[in-house]
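Notes follow once the structure below has been shown.
Values in this text are rule-based calculations from the coordinates and carry no lab data. Worth saying up front: this structure is predicted, and the values here are computed from it rather than measured. Here Cβ is always computed from backbone atoms with ideal geometry, including for glycine, and neighbour counts include all displayed protein chains.
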């Protein structure tokens with residue numbers, strides 16, 4: 001039988017918890033007996049410890065009852081703190097598979113709430129977007145755009161742009177010609193620089209509590225991402 | 001056929017709206033059109049001074065709208081140029097005295113009498129501006145090569161588009177020498193920001209000061225560059241839209257050109 005190869009109870013330390021692997025096919029009374037030995041050896045270390053009871057890969061639902069019984073037994077006998085199922089490692093195993101599915105077809109179901117605008121935004125005009133804002137055109141001096149997420153201007157940015165309003169400091173502002181009068185990201189404000197070259201695409205982001213402007217081609221912040229993801 | 005109503009506007013003050021209104025009116029009249037120039041700057045009128053008709057004002061635009069007189073009584077005929085009329089503003093009222101509806105009523109009457117009605121819009125975007133654009137068919141935006149003027153013109157253009165009027169651009173007071181040395185915006189820079197059709201470029205001309213102070217029409221001065229530019233703009237406004245736009249440049253003499261060629265080689 002397979003059961004004989006696996007010991008009925010195994011105990012090891014994982015992170016800040018005790019990982020207890022039990023063989024769920026054995027009767028509950030035998031498991032309780034087997035648990036006494038390692039937990040007595042732990043002595044005071046068992047008190048208030050976090051315990052994860054692993055019943056193996058299959059039959060997760062049926063073993064809930066077993067985990068609960070063993071958990072209350074351990075709490076009564078050894079004063080352990082917290083008894084849970086081993087959920088986190090399962091999730092990390094699945095992550096890659098989920099992302100691969102994303103790449104395949106998840107984009108089709110994603111409803112974008114960004115705002116795409118074509119044309120020139122003139123002085124005195126104000127455009128507000130709940131999330132991302134993309135302007136196919138120029139933003140003249142005196143014009144103002146406000147977005148909850150990123151602002152991308154495929155043209156010349158000369159007006160005022162406020163991204164990540166009110167408090168998203170991860171937002172960026174990107175323009176092909178970056179000559180703003182003022183930019184805001186989250187709660188940070190920066191005044192435009194008069195002698196900005198504006199010849200290459202640049203973007204602004206928050207780094208170390210300050211707004212930093214960088215060449216978009218050289219300093220592209222999204223190149224580092226391992227997977228394409230919805231922003 | 002009904003005439004058309006053209007508003008001359010800029011947003012910023014002091015860029016040359018009044019001078020251009022007076023000169024374009026004179027140029028259009030000399031081309032044989034019946035022209036009315038209306039001063040919309042109620043309370044701060046000066047188109048009458050620029051046109052040299054100040055001493056002949058009896059009735060004004062507010063009198064027409066209040067029904068105190070007829071259009072023919074208020075319109076002052078220019079004695080030097082046939083078919084040119086001025087409807088002066090009132091100096092004692094303010095801009096809230098008339099409303100956009102009044103202007104629509106007035107311009108509908110003017111369209112029947114005149115081929116072209118020019119409205120000299122006051123600076124700003126308040127009541128005077130609203131009155132002026134309410135009734136206009138076309139708009140001419142005047143801008144100088146200054147950052148502040150471009151900013152205001154941009155705002156005005158947005159407001160004109162909101163009224164479904166497609167404006168045309170005049171860049172006024174260009175100093176070719178400063179443009180060449182990079183101290184002044186070029187008209188290309190202005191057009192790049194404003195992105196509307198250009199209808200004329202007017203060079204800085206000292207004669208304009210003399211003409212406006214003495215109330216003599218600029219276009220009657222044969223050798224005035226600004227006057228000639230105005231005449232070409234008038235042609236473009238009325239039936240010759242394809243007349244090429246002349247770019248004001250430094251007129252280098254033959255010897256200077258020759259000298260610069262030799263000096264480059266050495």
Within the range A:114-137, count every residue that is in a loop (DSSP other than H, G, I, E, B), within 14 Å of chain B (Cβ to nearest Cβ) and over 18 Å from residue A:177 (Cα atoms). 2
Any residue at all in the range B:189-201 that's without any contact (Cβ under 8 Å) to a residue 24 or more places away in the chain, outside any loop (DSSP other than H, G, I, E, B), more than 14 Å from the chain's Cα centre (by Cα) and within 14 Å of chain A (Cβ to nearest Cβ)? yes
With (1) more than 24 Å from residue B:2 (Cβ to Cβ); (2) in contact (Cβ under 8 Å) with a residue 24 or more places away in the chain; (3) part of a loop (DSSP other than H, G, I, E, B) as the list, and residue B:58 as the residue in question, which single condition is left unmet? (2)
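Restricting to the range B:127-137, name every residue that is under 21 Å from residue B:237 (Cβ atoms) and either more than 14 Å from chain A (Cβ to nearest Cβ) or within 14 Å of the chain's Cα centre (by Cα) (or both). Give the derivation first.
Just the residues of the range B:127-137 that are under 21 Å from residue B:237 (Cβ atoms), to begin with: B:129, B:132-137.
Within the range B:127-137, B:132, B:133, B:134, B:135, B:136, B:137 meet the criteria.
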Quick one: residue B:140 ticks every box in (1) crowded, with 21+ Cβ neighbours inside 10 Å; (2) under 19 Å from residue B:248 (Cα atoms); (3) more than 14 Å from chain A (Cβ to nearest Cβ) except a single one, so which number is it? (2)
